[in-house]
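Heads up, the thing below is written out as structure tokens.
The values are calculated or read from the model by the stated rules, or taken from the named source; none is laboratory data. Note that the structure is predicted; figures quoted are calculated from it, not measured. Cβ placement follows ideal geometry from the backbone for every residue including glycine, while neighbour counts extend to all protein chains displayed.
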Amino acid sequence: MESFEGRVAAITGAGSGIGRALAIELAKRGAHLALSDVNAEGLAETVAECDIGRIKVTSQVLDVSDREAMESWADQVVADHGKVNLIFNNAGVALGSKIENMAYDDFEWLMNINFWGVVYGTKAFLPHLKESGDGHIVNVSSVFGLFSVPTQAAYNASKFAVRGFTDALRMELDLDDCGVSCTTIHPGGIKTNIARSARVDDTIAPVDPKGRTIGDEFDRIAMTSPKKAAQQILAAVERDKRRALIGPDAKVLDFIARLPAALIQTVLVKGAGRRGI
């Protein structure tokens, strides 16, 4: 996809963070937008920023874990815009908990959004993308889809699942030669609110003795702005990359993930122990 001009792009999780940044960047490049988010207020703010007059912007308050709602939204996007060329399955949540303490309800909540939301978005939009003859699916995994860390088992599981699902999808699309492709996105630390809005088990110790929260620590170490992340994601789509590492830390962590598991896990265990986890 050499240009986004005149294309129709659907984005989940468009009310903030990477989703909002993608919407703004695509609007600047002349793409028409179909935006969704579970947060009506945040979604309305994104729509206001993208409504620049020369493009069409539609929006839908949407829970991506609702399969019927996702299927209905995909059909509505085509009804509103006449076609759809891109789906960015971006919506995601976080959960901090040791497996022993993790509530099943919390685990299912995260998987329903982070994994099943991607599956529903992919399957709901794929027939429409094929019909357009020029489509692309962008599924957001994480650097935590490359290696695992303590207290992030649910998040790791969902993001590894997105990676495996999208890798298989890419090969199937290559076999079909149908004009549709896909890319797996592995962001590093992006300055969004995902850590602050995460569900965190109260048995996890503070990040440091001063009592800084996980959100505070994430803000300190996150290296990449949502705008920069969006630009790198769109560049990956233009180049039809199979996987894209977003941010300099993602490239470093991808290298680390290739080291022997015993070495990586020993270092992570020691680090977690020093933090009182």
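I need the helices (runs of 4 or more DSSP H) fully contained in the stretch 225-277, keeping only those with at least 3 residues that are of a type in the set (Phe, Trp, Tyr). Write out each step before concluding.
On the way: elements: 226-238, 248-257, 261-274.
Correct list: empty, since no element meets the threshold.
Taken residue by residue, the stretch 42-51 has no member that is within 19 Å of the chain's Cα centre (by Cα), of a type outside the set (D, E, K, R) and not in a helix (DSSP H, G or I).
Just one of (1) touching a helix residue (DSSP H, G or I) at 6+ places or on another chain (Cβ under 8 Å); (2) without any contact (Cβ under 8 Å) to a residue 24 or more places away in the chain; (3) among the aliphatic types (A, V, I, L, M) fails for Ala48. It is (1).
For the stretch 231-264, filtering for residues that are of a type in the set (S, T, N, Q) and touching a residue at least 24 places away in the same chain (Cβ under 8 Å) leaves 1.
For the stretch 74-92, indicate whether the set of residues that are farther than 21 Å from Arg20 by Cα and of a type in the set (D, E, K, R) is non-empty. Looking through the stretch 74-92, at least one residue is farther than 21 Å from Arg20 by Cα and of a type in the set (D, E, K, R). Which residues, counting only those in the stretch 2-15, are touching a residue at least 60 places away in the same chain (Cβ under 8 Å) and either at positive phi or surrounded by 24 or more Cβ atoms within 10 Å (Cβ to Cβ) (or both)? Once the filter is applied, which keeps residues that are touching a residue at least 60 places away in the same chain (Cβ under 8 Å) and either at positive phi or surrounded by 24 or more Cβ atoms within 10 Å (Cβ to Cβ) (or both), the stretch 2-15 yields Val8, Ala9, Ala10, Ile11, Thr12, Gly13, Ala14. Of the residues screened, Arg170 is one that is over 16 Å from Asn114 (Cβ atoms), among the basic types (Lys, Arg) and modelled with pLDDT of 95 or more.
For Thr184, the criteria (1) surrounded by fewer than 21 Cβ atoms within 10 Å (Cβ to Cβ); (2) closer than 22 Å to Val93 by Cβ hold in every case but one, which is (1).
Does Ala48 meet the test of being small (Gly, Ala, Ser) and surrounded by fewer than 20 Cβ atoms within 10 Å (Cβ to Cβ)?
Details: small (Gly, Ala, Ser): yes; surrounded by fewer than 20 Cβ atoms within 10 Å (Cβ to Cβ): yes.
In short, yes.
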